[in-house]
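Right, one structure below, let's go through it.
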Amino acid sequence: MTSPLSHAAPADDTPVVRLSGVGVRFGTHQVLRDVALALYPGSITALLGTNGAGKSTLIGAISGANPGYTGDIAVGGTTLRLTSPARARRAGVETVHQRIADGIVPGLSVADNLALTDLATGGHRLVRRSASERVARAALARLGLSWSDEVLRADAARLGTSDAQLLVLARALRSTPRLLILDEPTSALTAAEADRLFDVLRVLRDEGLSILFVSHRFGEIERLADRIVVLRDGRLELDAGRPFDWHAALEAMLGVPTELQQHITEPLPAGAEVLGVDGAVLLPGSEPLDLAVAAGQVTGILGLLGAGKTELAELVAGVRPVGEARLQLDGGPYRPGSPAAAQAAGVVLVPEDRQRQGIQPGWSIAHTVGLPVLRQISRWGVMSSARERAAADDVIEAYGVVAPSAETRVDDLSGGNQQKVVVGRWLRTDPRLAVLDEPFRGVDIGARRRIGDAARERAARGAAVVVLSSDVDEILDVADRIIVLVSGRIVLDTPAGVLDRARIVAALLDDPGHRKETA
């Protein structure tokens, strides 16, 4: 059983936003049920829940994106109908959504994107570039950022995921919101960027801002939040202040008692070499990298943003040219010219950016799962819808995808459920080598374990599995062998369980002159 609802008394007992009996239904599916929640000024509230628990739907109701909610939402003591994001913004609710690309306008400069509110509401036909850049610099300064003129004048669509996230956050902070909602704001940030963000959020909290913070990372919440609330199956299950009882929180999320840690204690033994990489230059100016990956175990590659891990994944999977590198697969030459060629050789990639590279907007779960196996689900050149649905049902059941049916549009799923579909569709192709780049990004601890268990089960059946992540605990949870990548170089290569977490973190933050360490 979960702990009873309780929370510490806020510094100010007048809520900024109060929800009373809020519910949301999509068709016949009741997603939110009778949610009562108060958010207070000068407080950071962390919202937790497994994928599909209703977090995004709740955020949508407060931010005006789900105007069909039932019940009441009061802002500043006045009950309002939040019928659109613009209406919520005028009431003082600013939201930074998990899908950062939705907040970027391609074709406009970075500066114009930062000044977008002025462009949309100012009524001016012409806006001087100097004015946009002045606004942009002031917005970035709130986050302690100072981007060059070249960056400010570039097309915002060219920004990486991390910088795009910072842009959208900086723009949200330009106004003076009563409530700031952040949905997985650190999912693409480096540790240093996340620390800087947390410093800003603490200042904003101390200035009286109410912050609703969504994260799957318990460590972040422990460092930042004043209070936690947990949703499960659309209902509020736990509302608690400090000190946090993480076992109670996890039980409230999952509905069953469970342990917090699941680090590998008995690594799977290495089998024959499946992949050999010799002389791969991952980053401009980095020294050539050599790597061998064995069958029968999960190789975890740990690296921060810019370490070269995605470049390595894409090179192996045929997304980027091999160049001067020499690759071998099961002892024979391997030089994939495309992802299709890699797949034909038995190598599949779960990409880091599931929105741009992992799913096709508008497609059903069935179509998404069936795409890589069209030959297997077709007969005489005609696709069997029944076989396609059966394949999708396998993934839904095996990974616990929360969806009404295999015909549900994949874009309508939560981010974590999208990730489970993308991972599941590639692992069920029975690859010889599976490369999973940030497979746990944006997924809850329950989904993380399902994906990790699936990766280890694939390895136990004789495949080689490579998991790449910037999160130490994710790698400790899943890997039999741990490799740390810094600036395109391997600085640590050790079996799981040999070195403690502190040694691994130290290698991850290593200076460029460090020698490769093996254990």
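The values are calculated or read from the model by the stated rules, or taken from the named source; none is laboratory data. Every value quoted in this text rests on a predicted model; they were computed, and no experiment measured them. Please note: Cβ atoms are built from the backbone with ideal geometry, for glycine as well, and neighbour counts cover all protein chains shown.
Here are some notes:
- Unique residue being loosely packed, with under 15 Cβ neighbours inside 10 Å, on the phi > 0 side of the Ramachandran plot and modelled with pLDDT under 75 when the list is Gly381, Gly331, Gly362, Gly323: Gly381
- Here Gly144 clears all of (1) surrounded by fewer than 18 Cβ atoms within 10 Å (Cβ to Cβ); (2) modelled with pLDDT of 80 or more except the condition numbered (2).
- The range 407-437: number of residues that are assigned to a loop (DSSP other than H, G, I, E, B) and surrounded by 24 or more Cβ atoms within 10 Å (Cβ to Cβ): 1
- Filter result (in contact with a strand residue (DSSP E or B) (Cβ under 9 Å, 6 or more places away or on another chain) and closer than 17 Å to Asp233 by Cα) within the range 416-425: none
- Test: residue in the range 44-60 that is under 23 Å from the mean Cα position of the chain (by Cα) and without any contact (Cβ under 8 Å) to a residue 40 or more places away in the chain: yes
- Close pairs (9 angstrom Cβ cut-off, 6 or more residues apart or separate chains): at positive phi and touching a residue at least 12 places away in the same chain (Cβ under 8 Å) in the range 63-77, buried (at least 16 other Cβ atoms within 10 Å of the Cβ) and among the hydroxyl-bearing types (Ser, Thr, Tyr) anywhere: Gly64/Thr95
- Counted residues, the range 298-321 - those being in a loop (DSSP other than H, G, I, E, B) and touching a residue at least 24 places away in the same chain (Cβ under 8 Å): 9
- Residue within the range 196-216 that is touching a residue at least 60 places away in the same chain (Cβ under 8 Å), more than 16 Å from Pro41 (Cα to Cα) and surrounded by fewer than 18 Cβ atoms within 10 Å (Cβ to Cβ) present: no
- Arg432 passes every criterion in (1) in contact with a Gly (Cβ under 6 Å, 6 or more places away or on another chain); (2) charged (D, E, K, R); (3) not assigned by TED's automatic domain parsing to the domain that holds Asp330 apart from (3).
- Remark: pairs (first residue in the range 168-190, touching a residue at least 12 places away in the same chain (Cβ under 8 Å); second residue part of a helix (DSSP H, G or I) and acidic (Asp, Glu); Cβ separation under 7 Å; 6+ apart in sequence or on different chains) = Thr186/Glu220.
- Hey, Ala131 surrounded by 13 or more Cβ atoms within 10 Å (Cβ to Cβ) and either at pLDDT below 85 or in a helix (DSSP H, G or I) (or both) or not: yes
- Members of the range 173-188 that are aliphatic (A, V, I, L, M) and crowded, with 21+ Cβ neighbours inside 10 Å: Leu179, Leu180, Ile181, Leu182, Ala188
- Verdict on Leu238 being surrounded by fewer than 18 Cβ atoms within 10 Å (Cβ to Cβ) and in contact with a Ser or Thr (Cβ under 7 Å, 6 or more places away or on another chain): no
- Scanning the range 84-111 for residues that are among the acidic types (Asp, Glu) and modelled with pLDDT of 90 or more turns up just one, Glu94.
- Lone unmet requirement of (1) outside any loop (DSSP other than H, G, I, E, B); (2) crowded, with 21+ Cβ neighbours inside 10 Å for Arg441: (1)
- Residue, farthest from the chain's Cα centre (by Cα), within the range 179-226, restricted to residues that are β-branched (Val, Ile, Thr) and closer than 19 Å to Ala139 by Cα: Val203
- The range 459-471 residues that are touching a residue at least 24 places away in the same chain (Cβ under 8 Å) and part of a loop (DSSP other than H, G, I, E, B), paired with ones that are surrounded by fewer than 22 Cβ atoms within 10 Å (Cβ to Cβ) and not small (Gly, Ala, Ser) (beta carbon under 8 Å, 6 or more apart): Ala463/Asp430; Ala463/Pro431; Ala463/Arg432; Ser470/Thr190; Ser470/Leu304; Ser470/Leu305; Asp471/Arg217
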